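A.B. asks: My questions all concern the structure below.
The values are calculated or read from the model by the stated rules, or taken from the named source; none is laboratory data. All values derive from a computational prediction rather than experimental measurement. Reconstructed Cβ throughout: ideal geometry from the backbone, glycine too, with neighbour counts over all protein chains shown. These accessible areas exclude ligands, DNA and RNA; they are computed on the full protein's heavy atoms, side chains included. Shrake-Rupley method; radii C 1.70, N 1.55, O 1.52, S 1.80 Å.
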Amino acid sequence: MIYFDALTESDCEQIRKWRNRDIAGARTPFLLTEEMQRDFYFDEVSNRDSKHRFWAIRIESLTTHNLVGIAGLSNIEWENGCAEIALMISPDERRKGYGREAIELLKLWGFARMGLKVIYAQVYGCNPDVAFWEKLDYTFLCTMPSRKLWDGKRWPIYYYQWENM
């Protein structure tokens, strides 16, 4: 079972390393430096006025509280009641159910605690974990063709949406 925790600067550095190992599904198609990740931590994670909310995903074991990923609600539009899911699970911890649990916690935070009405995810077709998203219980799906260039090929974006109306 996972839980959300405050995201620390050292967590962000670990997440940067995971992200840089495989950026096919990342929004930004370039490797991040330590300085760029530090800026992200201070400008977005630690900024109360940011339009993004991020959490460390941890699992509790007998001896530690292991970081297994990052989850967030980003591009929050308070006036429209919507936000986009940001999710990354450690490559070594995938296919253990942590992503699905994190989506449920994001829905709890977004709908029950933040008063959002719509939470959505945009997933690139070149993302090696696109099958994960296809198995979720979303309320709406659309495909936008030819939205990302990766390895010389144009890929679609799949748009998944959950509603709490």
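A.B. asks: Any chance you could run the full-extension gain for Ser50 through Ala112? It's 0.36 nm times the residue separation minus the Cα-Cα distance, nm to one decimal. Walk me through the numbers on the way to the answer.
C.D. replies: Numbers: separation 62, 0.36 × 62 = 22.32 nm, distance 1.98 nm.
The Ser50-Ala112 span can extend by a further 20.3 nm.
A.B. asks: Would you compute, from DSSP H runs of 4+ residues alone, the mean residue ellipticity of the chain at 222 nm, taking -39500 (n - 2.57) per run and dividing by the full residue count, rounded to the nearest 500?
C.D. replies: Numbers: 4 runs with 35 residues, N = 165.
Counting only the DSSP helices, I get -6000 deg cm²/dmol.
A.B. asks: Label Thr28 and Ser10 with points 7 Å out from Cα along Cα→Cβ: what is the distance between them in nm?
C.D. replies: So the two model labels end up 2.4 nm from each other.
A.B. asks: Is the stretch 1-86 rounded, prolate or oblate when judged by the Cα gyration tensor, a ≥ b ≥ c being the square roots of its eigenvalues, rounded requiring a/c under 1.5 and prolate requiring a/b larger than b/c?
C.D. replies: Values: a/c = 1.62, a/b = 1.16, b/c = 1.39.
Oblate, because a/c is 1.5 or more while a/b does not exceed b/c.
A.B. asks: Among (1) 45, 29, 23; (2) 50, 32, 27; (3) 44, 40, 32, find the value of Cα extents along the principal axes in Å that was calculated from the structure presented, and write down its label.
C.D. replies: Looking at Cα extents along the principal axes in Å for this model, the match is (3).
A.B. asks: Among the trypsin sites (Lys or Arg not before Pro) in the stretch 23-109, which ones are in a DSSP loop with at most 14 other Cβ atoms within 10 Å of the Cβ? Mind listing them?
C.D. replies: Working: sites: Arg27, Arg38, Arg48, Lys51, Arg53, Arg58, Arg94, Arg95, Lys96, Arg100, Lys107; in loops: Arg27, Arg48, Lys51, Arg94, Arg95, Lys96.
Here the trypsin sites (Lys or Arg not before Pro) that fit, given the DSSP loop and packing criteria, are Arg27, Arg48, Lys51, Arg95, Lys96.
A.B. asks: Quick one: which residues, 5+ away or cross-chain, put their amide H under 5 Å from the amide H of Leu116? H built at 1.01 Å from N.
C.D. replies: Counting only residues 5 or more places away or on other chains, the set is Phe111.
A.B. asks: Give the accessible area for Trp78 in Å² (nearest 10); use a 1.4 Å probe, count only protein heavy atoms, and leave out ligands, DNA and RNA.
C.D. replies: Spelled out: Trp78, probe radius 1.4 Å, area about 130 Å².
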